[in-house]
1. Excluding Asp57 itself, calculate the net charge of residues whose Cβ lies under 14 Å from the Cβ of Asp57, where each Lys or Arg counts +1 and each Asp or Glu counts -1.
2. Label segment 24-67 by shape, choosing from rounded, prolate and oblate, from the square roots a ≥ b ≥ c of the eigenvalues of the Cα gyration tensor; if a/c is under 1.5 it is rounded, and otherwise prolate applies when a/b is larger than b/c, oblate when it is not.
3. Once label points are set 7 Å from the Cα along Cα→Cβ at both Gln56 and Leu28, what is their separation, rounded to one decimal in nm?
Amino acid sequence: MAYSWPALFGGGMRERMIVGVPGHPDLLLSTGRKKFQQEMLTIVGDDPVLARQLQQDELGPDMAQPLFESYVRQKMQGTPTASVTNGQ
């Protein structure tokens, strides 16, 4: 779920994305591409494939769902993560 609110200083709007995972606290993530990538690296950075894709600017906020799905699937199955693409 995404939401936005007016910025207190400088005008414009601030935007964030809320990601809910059952049994875990909700995550509040930036919708700005670079900030999102930095935040995601702290979450999925232990996965070398996803970390590389984030560092090489291949994944942005629009890919949050497949990124999380790939990461969780890899953790549950113990198999290497495939690259995340729009089709995944």
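Bear in mind these aren't lab numbers, they're just calculated from the coordinates by the rules spelled out. Please read these numbers as outputs of a predicted model, since none were measured by experiment. Methodologically, a virtual Cβ is constructed for each residue, glycine included, from the backbone with ideal geometry; neighbour enumeration extends over all protein chains shown.
1. Result for the neighbourhood of Asp57: +2.
2. Details: a/c = 1.66, a/b = 1.21, b/c = 1.38.
Oblate shape, in that a/c is at least 1.5 and b/c is the bigger or equal ratio.
3. 3.4
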